[in-house]
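Data block below; observations after.
The values are calculated or read from the model by the stated rules, or taken from the named source; none is laboratory data. Small disclaimer: the values here were computed from a predicted structure and weren't measured. No Cβ is skipped: glycine too gets one built from the backbone with ideal geometry, and neighbour counts run over all protein chains shown.
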């Protein structure tokens with residue numbers, strides 16, 4: 001097998017020859033297409049096999065290679081098989097494939113030292129050498145197995161299988177990533193080995209019937225075999241955990257991450273019962289005596305840590321998946337996707353010259369053939385009965401919903417890029433490569449030609465009253481036309497090709513461009529604002545679409561992602577998972593689903609609202625504290641941006657309290673819900689507000705910063721913890737009642753639920769318990785800085801969290817109950833669920849953990865990209881909110897967090913995909929026997 005495949009443009013052949021000779025001198029086996037493709041061979045097949053059989057994919061970057069269709073196909077094939085990419089710059093070009101941009105270039109330009117660059121190349125080729133070579137070996141074996149109709153004789157056995165499973169486990173997350181085919185190949189190999197073991201069990205069982213003496217001998221052999229099987233399944237479980245974690249890290253929004261998590265969950269359940277089932281049948285059938293019953297001790301003993309890892313990887317997949325379904329079947333890129341207005345069908349248009357019709361569950365209904373070239377646009381009539389398609393063959397075709405061709409419009413001498421129905425269904429607009437917009441009636445008569453653009457038309461959009469038509473062009477402009485075809489205005493603020501236009505329900509116009517921006521305009525063409533992603537995430541934009549209610553804007557990007565924006569320009573989430581650029585995005589009529597059509601030959605259907613998680617975006621800096629109101633109808637978030645935001649249960653912002661320019665460290669509702677108390681970083685005061693945002697009072701007595709504020713259960717007393725080493729008690733009118741003293745900064749203060757006690761935690765590691773008369777009842781040494789204290793609902797247990805990465809549970813007399821260990825960094829907050837059955841912890845390790853009250857871990861919630869500073873349970877205990885330094889708060893559904901429940905949630909989510917679009921039989925059977933909930 002070759003060490004590297006070189007992809008290059010023939011125009012750069014001289015440089016490639018020089019590089020090739022240098023590599024040959026180092027005894028490196030290199031695959032280049034001038035070497036060894038027989039003249040009679042299937043050229044592209046040989047290219048593909050060359051890529052598949054090489055450890056690395058070297059791409060020679062130059063304007064020539066970037067423009068080459070063959071090079072683009074080679075990159076796509078390499079990406080499809082997760083080959084390690086090594087980009088070499090021969091002549092610099094900006095427009096390289098986004099996957100190459102993610103990797104450090106090796107510069108071989110004429111101005112660079114060739115030898116120095118060459119050493120960098122050798123180092124890159126030798127990095128993780130064992131992992132890369134095994135990746136290639138297993139890829140070639142897996143492809144051969146697949147090509148041989150998955151004949152079992154091509155599967156791995158014995159030590160080969162063990163080595164592959166070890167590589168699978170240890171290689172999770174490493175580049176090149178493990179491919180789905182490799183994973184399936186290893187899994188099927190393990191499955192076949194299980195069958196062989198079962199055959200061995202039968203043979204052993206037969207021997208047992210002969211005599212008791214033989215039975216004991218056979219039992220020993222059986223025990224060895226069953227232990228081997230259990231160990232093999234444990235190995236498979238560990239591999240699945242690693243695979244799921246790796247999938248989540250790379251693309252947390254996709255179905256793939258959820259499938260891997262479900263596989264891990266299913267494997268854990270299998271292991272939990274495998275020994276019982278086999279032993280029961282064995283003992284009942286053969287009635288071996290006491291000696292064989294001892295084998296019951298061989299039950300699969302899964303370490304608690306691995307059980308917890310399964311819950312973590314399954315949980316993160318269930319909470320973060322956004323891809324609901326995937327449409328697969330086109331043999332070339334998909335340029336366009338459209339929902340029927342009645343929401344019952346989806347149409348896709350592809351470079352394979354076809355249009356495909358799907359039902360809303362993702363089942364393929366029809367393939368519409370008739371175009372002679374690539375189909376670039378598709379759209380439904382308002383009554384959902386007619387489908388229009390536009391092609392580079394110069395025609396527009398109309399089709400019935402059942403797939404029957406109705407009509408072909410007059411053939412043009414130029415390719416047609418886009419077609420769009422007016423909202424009343426009477427007019428069809430088309431845009432072509434000559435820069436002309438044409439208006440047609442449904443009978444195919446050309447009504448008007450709108451001339452004015454000087455380049456290809458890429459997108460058209462009618463205003464909702466059909467009075468205005470917007471067109472987007474290669475000439476970097478958007479033009480507005482009235483219904484009579486008169487040009488009204490030219491919008492020329494973009495600096496590159498305008499790829500897409502979309503009117504919102506209130507006729508705000510959005511335009512997207514290769515200049516990496518979206519611009520918003522009034523219907524009369526007056527500029528409103530520019531939407532732009534951060535410099536790190538900036539990418540050319542190929543499509544823009546408003547949700548039906550006009551509140552969300554979606555963009556399809558060149559970096560393979562989909563971005564969602566609020567109408568005010570705030571970017572609030574990004575979906576990743578496509579392996580090539582996103583050509584078009586469009587919302588379903590109900591606004592719940594977003595479809596993205598990609599160069600990777602798939603359409604992904606993303607669910608906008610998640611039944612088990614809601615992300616609150618809107619703060620311009622980190623979120624330090626979160627708190628539910630006692631009635632559960634409001635949520636407060638306190639941020640470094642100097643604001644407190646109030647949100648409703650659905651995650652919609654309902655009030656903004658602008659405190660000052662300082663960081664807001666804490667904000668809490670009074671239990672009666674009438675007051676919000678907030679403290680900030682550089683002040684020594686507490687501000688009290690009502691829920692309408694009116695400032696009621698300012699409490700002034702501390703001599704240094706205040707870190708925490710808390711209300712008594714009756715809402716009449718307010719406690720504040722300060723850097724001045726004191727806790728102060730106030731009435732709600734602002735009168736100071738008492739002062740509690742510590743010997744160091746006090747970070748946390750809380751009241752017991754019965755209102756009889758106060759707990760305080762300080763930087764010197766001391767926790768103090770006081771009665772309401774401010775008398776010290778007990779002192780507890782946590783032995784590390786205490787950042788948070790919390791009473792259980794029955795007021796019998798106290799939890800303290802600190803800088804030692806652990807939570808300690810205490811009886812009120814100071815005796816230790818247990819320690820919650822597992823976080824990898826300091827814990828900023830601990831809190832009990834309202835029923836006292838769970839404990840939640842928020843950590844600087846970017847995770848939230850949920851624990852049983854006895855201290856055993858239930859689940860780790862991952863996904864925040866910054867330290868988690870605050871957590872709060874809803875009054876009914878079904879929802880947990882977490883606030884993070886990443887600027888977001890997340891609402892998590894934490895009801896009934898069991899393995900069965902998580903698997904039920906996951907299988908509910910995957911129902912349509914597994915039924916209609918899953919590629920492997922093992923995946924389709926994944927949810928067999930799993931009890932689902934179907935609440936979505």
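What to note about this one:
- Subset of segment 893-907 that is surrounded by 16 or more Cβ atoms within 10 Å (Cβ to Cβ) and in a loop (DSSP other than H, G, I, E, B) - its residue that is modelled with the lowest pLDDT: 897
- Among the residues of segment 588-606, those identified as surrounded by 21 or more Cβ atoms within 10 Å (Cβ to Cβ) and either assigned to a strand (DSSP E or B) or in contact with a helix residue (DSSP H, G or I) (Cβ under 7 Å, 6 or more places away or on another chain) (or both) are 594, 595, 596, 597, 598, 602, 603, 604, 605, 606.
- Filtering segment 880-899 to residues that are free of Cβ contacts under 8 Å to residues at least 60 places away in the same chain and assigned by TED's automatic domain parsing to the domain that holds residue 820 leaves only 880.
- If the condition is being under 28 Å from residue 658 (Cα atoms) and assigned to a loop (DSSP other than H, G, I, E, B), then segment 607-623 contributes 617, 618, 619, 620, 621, 622.
- Qualifying strands (runs of 3 or more DSSP E) (wholly inside segment 397-439; at least 2 residues being closer than 19 Å to residue 464 by Cβ and over 37 Å from the mean Cα position of the chain (by Cα)): 427-432
- Restricting 653, 692, 613, 620 to residues that are farther than 27 Å from residue 830 by Cβ and touching a residue at least 60 places away in the same chain (Cβ under 8 Å) narrows the list to 620.
- Being over 12 Å from residue 622 (Cα atoms), modelled with pLDDT of 85 or more and under 17 Å from the mean Cα position of the chain (by Cα) holds for only one residue in 880, 861, 910, and it is 861.
- Test for residue 312: is it surrounded by fewer than 24 Cβ atoms within 10 Å (Cβ to Cβ) and either touching a helix residue (DSSP H, G or I) at 6+ places or on another chain (Cβ under 7 Å) or in the same structural domain as residue 499 (by TED's automatic domain parsing) (or both): no
- Residue match in segment 623-646 (condition: under 19 Å from residue 892 (Cα atoms), without any contact (Cβ under 8 Å) to a residue 40 or more places away in the chain and touching a strand residue (DSSP E or B) at 6+ places or on another chain (Cβ under 8 Å)): yes
- Residue 739 assigned to a strand (DSSP E or B), crowded, with 19+ Cβ neighbours inside 10 Å and in contact with a strand residue (DSSP E or B) (Cβ under 8 Å, 6 or more places away or on another chain): no
- Sole exception among (1) at pLDDT 90 or above; (2) closer than 27 Å to residue 735 by Cβ for residue 622, by number: (2)
- Taking the criterion of being touching a strand residue (DSSP E or B) at 6+ places or on another chain (Cβ under 8 Å) and either in contact (Cβ under 8 Å) with a residue 40 or more places away in the chain or part of a strand (DSSP E or B) (or both), the residues of segment 789-804 that qualify are 789, 790, 791, 792, 793, 795, 797, 798, 799, 800, 801, 802.
- Taken together, the criteria place residue 432 among residues that are touching a residue at least 24 places away in the same chain (Cβ under 8 Å), in contact with a strand residue (DSSP E or B) (Cβ under 6 Å, 6 or more places away or on another chain) and within 20 Å of residue 376 (Cβ to Cβ).
- Residue match in segment 764-776 (condition: buried (at least 23 other Cβ atoms within 10 Å of the Cβ), under 45 Å from the mean Cα position of the chain (by Cα) and part of a loop (DSSP other than H, G, I, E, B)): no
- A single entry from 555, 497 fulfils the requirement of being crowded, with 23+ Cβ neighbours inside 10 Å and either in contact with a strand residue (DSSP E or B) (Cβ under 7 Å, 6 or more places away or on another chain) or not assigned by TED's automatic domain parsing to the domain that holds residue 423 (or both): 555.
- Residue match in segment 820-827 (condition: closer than 17 Å to residue 623 by Cα and in the same structural domain as residue 713 (by TED's automatic domain parsing)): yes
- Checklist (1) surrounded by fewer than 24 Cβ atoms within 10 Å (Cβ to Cβ); (2) in contact (Cβ under 8 Å) with a residue 40 or more places away in the chain applied to residue 568, failing item: (2)
- Residues that are within 17 Å of residue 117 (Cα to Cα) and surrounded by fewer than 20 Cβ atoms within 10 Å (Cβ to Cβ) do occur in segment 28-49, at least one of them.
- Positions within segment 435-462 being crowded, with 18+ Cβ neighbours inside 10 Å and within 21 Å of residue 380 (Cβ to Cβ), in sequence order: 437, 438, 439, 440, 457, 458, 459, 460, 461, 462
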